[in-house]
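Peer 1: Quick one: the structure is below, questions incoming.
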Amino acid sequence: MALLRQTLDRELIRHCEEAADRFYQKTKSQRPEVIQQSLPTGQKYVPTASSFTLEAVFEPEDCRRILRAMATSPARHVIERALAGPPMCDLDQAWVRRQYAPGRYPPLHAPHAWHQDGALHHDFKAEASTVPDENGLLPMLTCWLPLVPCGDDAPGLEFVAVPIDNLLPPNALPDQSLRATHASEKFWKPSMQPGDVLLFRSGVIHRTHVTPAMQSDRTSIELRFVAANEVPPRLGRDRFVPLA
């Protein structure tokens, strides 16, 4: 994992936060099926996570600005080193997410439980055994951009800060199991500000960090990168753009 402080232009982040807030206000109180039908073809809405694909929320030029900002920031070198090659962004796995303060959850919404991003599209039900093949973990890097301050008064992220290079079965991810397996100092809940960039590999275990005392909502952008020469078959139908 790498947390790069104040890496992106604050004006761009402020613009994105305002555009996202207008979008969430526009869709507020609408039924999930109505929201999905209102989106452009190919764009997605996940009501359980209050998440929309990037291109559903932002204009095409704003999407390009976000990727240009990443391409010209120090985060680019971290991404290239992690993937050992030129990176591409998966547009179909690029998201705008909102996590609400307790008491303001829309219908169906819930914080993310412990998971690994590299489990994306993995069919656990088809596993022949209870332990997934170690090759089931996608070779992918997640880039997480907070648009507002988070981790203190607004929901952030919590990590199990240990290197994990294999895909874990769901029965290994309950909170009680993880805390019995890992020392308390390995659980990390960073406080972040707009302009920060958080990068982590696909095996890192993480979840939404939220407490009853939090009063503010959090909006963030999530980008996924893969190496140009190593697009996983599970993502083969997705649309990719080079980070250039």
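Please treat every number below as a calculation from the coordinates, not as lab data. In this text, all values refer to a predicted model and were calculated from it rather than measured experimentally. FYI the Cβ positions are ideal-geometry reconstructions off the backbone, even for glycines, and counts take in every protein chain you see.
Peer 1: So what's the range 96-224 giving for Rg/Rh, alpha carbon basis, Kirkwood Rh from the mean inverse pair distance?
Peer 2: For the range 96-224, the value is 0.97.
Peer 1: Also: Calculate the length of the line joining the C-alpha centroid of the range 55-80 to that of the range 1-24, in whole Å.
Peer 2: The range 55-80 and the range 1-24 have Cα centres spaced 11 Å from each other.
Peer 1: Then there's this: For the chain, report the % of Cα-Cα distances exceeding 31 Å.
Peer 2: 20
Peer 1: What span do the alpha-carbon atoms of the range 1-70 cover on each of the three principal axes, reported in whole Å from largest to smallest?
Peer 2: Principal extents (Cα only, largest first): 38, 26, 20 Å.
Peer 1: Between VAL241 and LYS26, how high is the FRET efficiency from 1/(1 + (r/R0)^6) when r is the Cβ-Cβ distance and R₀ = 30 Å? Nearest 0.05.
Peer 2: It comes to 0.70.
Peer 1: About the Cα centre of the range 67-131, how large is the charge dipole given +1 on each Lys and Arg Cβ and -1 on each Asp and Glu Cβ? Please answer in debye to the nearest 20.
Peer 2: Value, rounded to 20: 380 debye.
Peer 1: Multiply the residue separation of LEU108 and THR48 by 0.36 nm, subtract the distance between their alpha-carbon atoms, and state the gained length in nm to one decimal.
Peer 2: 21.1 nm
Peer 1: Then there's this: Between SER177 and ARG76, how many nm apart are label points set 7 Å from Cα along the C-beta direction?
Peer 2: Calculated label separation equals 4.1 nm.
Peer 1: Would you mind computing, in nm to one decimal, how far apart the modelled labels at ARG68 and TRP188 are, each placed 7 Å from Cα along Cα→Cβ?
Peer 2: For the pair ARG68/TRP188, the computed spacing is 3.2 nm.
Peer 1: Residue by residue through the range 238-244, which ³J(HN,Hα) values in whole Hz follow from phi under the Karplus form 6.51 cos²θ - 1.76 cosθ + 1.60 (θ = phi - 60°), with glycine and proline marked x?
Peer 2: Rounded to whole hertz, the list is 6, 9, 10, 10, x, 7, 9.
Peer 1: Hey, another quick one. From the phi of every residue in the range 32-37, what ³J(HN,Hα) in whole Hz does the Karplus formula 6.51 cos²θ - 1.76 cosθ + 1.60 yield, where θ is phi - 60° and glycine or proline is x?
Peer 2: x, 5, 5, 4, 4, 5
Peer 1: Continuing with the same structure: For Cα pairs less than 8 Å apart in space and 6+ apart in sequence, what is the mean separation divided by the residue count of the range 2-242, i.e. the relative contact order in percent? Before the final figure, lay out the partial values.
Peer 2: Details: 451 pairs, mean separation 78.4, N = 241.
Here the relative contact order equals 33 percent.
Peer 1: For the range 2-242, what is the charge dipole size about the Cα centre, in debye to the nearest 20, if Lys and Arg each add +1 at the Cβ and Asp and Glu each add -1 at the Cβ?
Peer 2: Dipole size: approximately 320 debye.
Peer 1: Once the piece of chain linking ALA161 and ILE35 is laid out straight, how much longer is it, given 0.36 nm per residue of separation minus the C-alpha distance between them? The partial results should precede the final answer.
Peer 2: Values: separation 126, 0.36 × 126 = 45.36 nm, distance 3.64 nm.
Between ALA161 and ILE35, full extension yields 41.7 nm more.
Peer 1: If you don't mind, there's one more thing I want to ask. Average projected area of the Cα convex hull of the range 187-244, in nm²?
Peer 2: About 6.3 nm², averaged over all directions.
Peer 1: Would you mind getting me the FRET efficiency between GLU59 and VAL231? Use the beta-carbon distance for r and R0 = 25 Å, nearest 0.05.
Peer 2: It comes to 0.40.
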